[in-house]
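Okay, so here's the structure we're looking at.
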Amino acid sequence: MDQFTLNLLVIGASFALYFGIAFWARAASTSEFYAAGQGVGPVVNGMATAADWMSAASFISMAGLIAFGGYNNSVFLMGWTGGYVLLALLLAPYLRKFGKFTVPEFVGDRFYSTSARMVAVICLLVISITYVIGQMVGVGVTFARFLEVSTTTGLLIGSAVVFAYAVFGGMKGITYTQVAQYVVLIIAYTIPALFISLQLTGNILPQLGFIGSYAPTGGDVAFLDKLDQVVTELGFAAYTADTTNMFNMFLVTMSLMIGTAGLPHVIIRFFTVPKVSDARLSAGWALVFIALLYTVAPAVGSMARLNITTTFWPGAVTGSALSAPAVSLQEIETNPELAWVNNWQKTGLLAYTDKNGDGLIQYFNEKKPVADAGKALADANKALAEAPADADKAALEAKVAEAQAALDAALADPANGLVEGQSLTDMGLKGNELTTVNNDIMVLANPEIAKLPGWVIALVAAGGLAAALSTAAGLLLAISSAISHDLIKGALKPDISEKGELLAARISMAFAIVLATWLGLDPPGFAAQVVALAFGLAAATIFPVLMMGIFSTRVTKEGAIAGMLVGLISTAVYIFLYLGWFFIPGTNMLPNTPDAHFLGISPAGFGPVGALLNFAVAYIVSGMTKAPPQDVQDLIQSIRVPKGAGAAQAH
């Protein structure tokens with residue numbers, strides 16, 4: 001059976017399972033649509049939360065970011081798991097005790113204000129829409145490769161699938177579908193990792209293989225030492241190299257951590273359990289289920305990096321990277337084990353070109369002078385090609401010649417070479433020839449690169465789709481409930497019937513899917529990076545207002561509204577300055593480079609700064625306004641005290 005048919009069978013079977021569960025558990029009331037009737041047990045809810053949480057960013061992108069960023073990108077592991085500890089201890093049980101369906105509903109009641117509720121709705125929509133872009137990108141990437149269609153077609157297919165089970169199932173259908181999706185994604189992530197760890201380290205457990213020895217050379221060198229040796233020989237930074245900006249690393253970790261605790265689609269999962277104690281238990285179980293994937297991710301990322309490097313430099317398997325010629329074009333075209341290279345090239349996520357015409361594809365890291373000169377030449381050629389017929393071609397051709405001369409000089413400079421004392425020109429190289437390797441393909445391509453059986457490749461495809469679809473469904477539910485329950489029922493039409501509200505929720509979700517699909521067609525970055533921005537927004541808006549709402553009786557509605565607006569606007573503006581207004585390419589006012597970042601703070605690391613501004617403004621404004629009514633202060637106290645707790649006893 002060929003790979004395409006196998007992919008269709010495995011993906012089709014997983015979809016049939018999701019549709020069947022969604023039909024069986026479809027929502028019949030608003031309580032079931034928003035909170036699954038508040039009857040989901042803590043283990044089931046923990047598993048559903050893990051699937052809701054482990055998105056395309058976790059399954060597809062995170063290992064890719066770790067593969068190419070090494071230690072620097074371990075912030076994703078630390079931040080995304082640490083957030084669940086905050087959630088379990090500081091938010092989940094209190095919000096469940098409050099007993100409502102949505103985050104904006106809590107904000108509206110706690111801050112005795114419809115306006116506060118509407119600001120929370122705006123924050124929730126901005127966060128969830130930003131986050132859902134990453135999921136749609138993941139769906140498009142996975143479908144594009146494994147169903148051999150364009151990324152756009154893959155995106156449209158994925159949107160139709162989410163529509164089919166999320167719109168009708170609501171939270172009840174989504175919960176049980178997510179349990180199935182968790183099982184699919186964890187098996188799909190772990191099985192290839194076991195195979196690859198055994199191949200490279202001789203240890204079947206990836207977590208131990210990661211810190212073990214490198215098997216192909218007899219185990220005489222540590223696996224990570226071998227990886228460092230290979231990548232540094234090719235001009236890349238060492239995989240285990242320390243960060244150059246610890247302050248920004250701390251801020252990004254903190255942003256991911258408090259952002260996790262403030263994500264609306266995760267928080268609403270804790271409204272689905274029967275008891276307050278179950279909310280805390282759910283968070284604990286979710287952390288266990290998440291750890292099964294997150295402890296494997298560093299091994300998957302590092303092993304994928306070594307595998308793709310040794311594919312293009314076969315000598316690196318047992319010796320140094322440059323000890324044997326690079327892989328040849330003929331080998332790529334004729335060797336069935338390298339068919340994955342051209343399969344991924346068709347998606348546009350991997351690209352190569354033989355710049356020096358020697359029939360080999362040399363993959364290495366160009367030093368900055370070479371990379372800058374190469375970009376200048378490409379820009380000059382593009383300007384010449386796009387010039388109107390009546391343009392001054394001589395001037396444009398002169399710019400091309402000037403840029404070519406600058407590139408030749410950079411290539412001839414020994415300081416830019418791979419081997420000391422030798423320039424790239426001396427080695428016969430005209431630049432890096434593996435011109436595109438998208439981070440998002442690393443997990444999906446890993447089984448093919450490692451030459452694993454076809455059923456494993458198909459399973460990974462189903463796992464990637466399960467990860468993206470489960471989170472997309474949770475986000476879309478958060479968006480639809482914010483519109484139907486908080487905006488329509490909470491403000492525009494309070495007397496709407498339950499049947500009318502259920503219809504409004506489904507229509508809202510349909511519109512949200514259309515918007516998410518449109519945004520996914522031209523996303524602003526890798527799936528995990530887009531998602532990291534959503535965390536910054538959640539960290540700066542939702543987390544502070546929930547913390548103040550639960551633990552402070554003094555914060556007023558005016559303070560909460562002002563704090564949320566300052567947190568949202570400051571964080572969004574900082575992000576847009578570097579990534580383009582509303583993520584529209586080419587509209588950024590500052591280059592997204594470390595030297596251009598204010599105080600070295602990257603857009604993904606601004607969330608904690610926005611959160612501090614939120615807290616500060618909220619407390620300052622609250623100090624200048626009338627204290628909350630007594631009944632609201634009593635409500636806050638009742639949320640924090642367990643029901644039925646007896647008086648303290650002497651010991």
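The values are calculated or read from the model by the stated rules, or taken from the named source; none is laboratory data. What you see is a predicted model, and the numbers here were worked out from it, not measured in a lab. Neighbour counts are summed over all protein chains in view; Cβ atoms, including those assigned to glycine, are modelled from backbone coordinates with ideal geometry. Just the protein is used for accessible areas: all its heavy atoms, side chains included, with ligands, DNA and RNA removed. Shrake-Rupley method; radii C 1.70, N 1.55, O 1.52, S 1.80 Å.
May I ask for the angle, rounded to the nearest 10°, between helix 498-520 and the longest principal axis of the chain, with both axes built from Cα atoms and the value confined to 0 to 90°? Compared with the principal axis, the helix lies near 20 degrees.
Charges were assigned to the Cβ only: +1 to each Lys and Arg, -1 to each Asp and Glu. The resulting dipole of segment 320-439 about its Cα centre is roughly 240 debye.
About its Cα centre, how strong a charge dipole does the chain have in debye, to the nearest 20, once Lys and Arg get +1 and Asp and Glu get -1 at the Cβ?
On the way: 32 positive and 41 negative charges, 588 e Å.
That gives the chain a dipole magnitude of about 2820 debye.
Which residue, 17, 589, 395, has the largest displacement toward the positive end of the dipole of the chain when charges sit on each Cβ (Lys, Arg +1; Asp, Glu -1)? After comparing all options, I get 17. When the Cα atoms of segment 310-389 are aligned to their principal axes, the ranges along those axes come out at 52, 29, 22 Å in descending order. Within a straight-line Cα-Cα reach of under 21 Å, residue 451 can be paired with the following lysines, leaving aside sequence neighbours fewer than 8 residues apart in one chain: 226, 346.
Roughly how many percent of the accessible protein surface of the chain is carbon and sulfur, given a 1.4 Å probe and a whole-percent answer? C and S atoms contribute 66 percent here. Accessible surface computed residue by residue for the chain, with neighbouring protein chains in place and a 1.4 Å probe, gives 38 Å² per residue. In this structure, the residue pairs whose Cα-Cα separation is over 27 Å, taken from 97/489; 355/393; 275/557; 172/499, are 275/557. Packing here is the average count of other Cβ atoms within 10 Å per residue, and on that basis the peptides 420-431, 256-267, highest first, run 256-267, 420-431. Entry note, the chain: relative contact order of 26 percent, from Cα contacts under 8 Å with a spacing of 6+ residues.
How big is the dipole moment of segment 264-356 about its Cα centre under a simple scheme where the beta carbon of each Lys and Arg is +1, that of each Asp and Glu is -1, and everything else is neutral? Debye, nearest 20, please.
Once rounded to the nearest 20, the dipole reads 540 debye.
Given the options 327, 377, 351, identify the residue whose Cα lies farthest towards the positive end of the charge dipole of segment 325-383 (+1 on Cβ of Lys, Arg; -1 on Cβ of Asp, Glu). Farthest towards the positive end: 377. Ignoring aspartates and glutamates fewer than eight residues from residue 626 along the same chain, the ones with Cα atoms less than 19 angstrom from its Cα are 109, 558, 634.
Only DSSP H runs of four or more residues enter the estimate; each adds -39500 (n - 2.57), and after division by the residues of the chain the mean residue ellipticity at 222 nm equals -21000 deg cm²/dmol. Once the convex hull of all Cα atoms in segment 98-141 is built, its volume per residue stands at 64 Å³. Ordering 267, 141, 502 by Cα displacement along the dipole of the chain toward the positive end leaves 502 in first place; charges were set at the Cβ atoms of Lys, Arg (+1) and Asp, Glu (-1). If you bin all the Cα-Cα distances of the chain at 20 Å, starting from zero, the percentages per bin are 18, 49, 27, 6, 0. Only Cα sites of segment 320-439 enter the Debye sum here, all with the same form factor; the resulting log10 I(q)/I(0) across q = 0.10 1/Å is -0.39, listed in q order.
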